[in-house]
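Undergrad: Could you have a look at this structure, given as structure tokens, before my questions?
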């Protein structure tokens, strides 16, 4: 289960509702990034489970050899789509991974994390 926190800068009062790094749920993985052009924090998808049908039922093709016997094999990744982190406003913008504790994209002061998750998601 993924968690979203409120991060706030005490100097410029910039607020962002992000995970604060890499996080994962049942059907997706996200990574917090800082867009160097927008000067904003975003959670972007890095991996999403593909759905086989509109009803959302996922039926992967299983190999004859159990996947546990093939560590690092493509069978472990069956049914997942991977994405390169990009700015959600403009894919041409430059982004970098952001891992709390880290600096505010607006003023450079360290951002403070609220101790209680803002949202729990799958």
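Undergrad: Tell me, yes or no, whether the stretch 87-101 has at least one residue that is within 14 Å of residue 19 (Cβ to Cβ) and free of Cβ contacts under 8 Å to residues at least 40 places away in the same chain. Step through it out loud before you land on a result.
TA: If we filter the stretch 87-101 for residues that are within 14 Å of residue 19 (Cβ to Cβ), which is where we start, we get 97-101.
From the residues that got through so far, the ones that are free of Cβ contacts under 8 Å to residues at least 40 places away in the same chain too are 101.
For the stretch 87-101, residues within 14 Å of residue 19 (Cβ to Cβ) and free of Cβ contacts under 8 Å to residues at least 40 places away in the same chain: present.
Undergrad: Report, by residue number, each residue of the stretch 21-36 that is more than 9 Å from the chain's Cα centre (by Cα) and under 13 Å from residue 104 (Cα atoms). Let's see the steps before the verdict.
TA: From the stretch 21-36, those more than 9 Å from the chain's Cα centre (by Cα) are 25-27, 34-36; that's our starting set.
Answer for the stretch 21-36, where residues must be more than 9 Å from the chain's Cα centre (by Cα) and under 13 Å from residue 104 (Cα atoms): 34, 35, 36.
Read-outs throughout are calculated quantities, based only on the coordinates presented, and are distinct from any laboratory measurement. Please read these numbers as outputs of a predicted model, since none were measured by experiment. Heads up, the Cβs are rebuilt from the backbone with ideal geometry, glycines too, and the neighbour counts pull from every protein chain shown.
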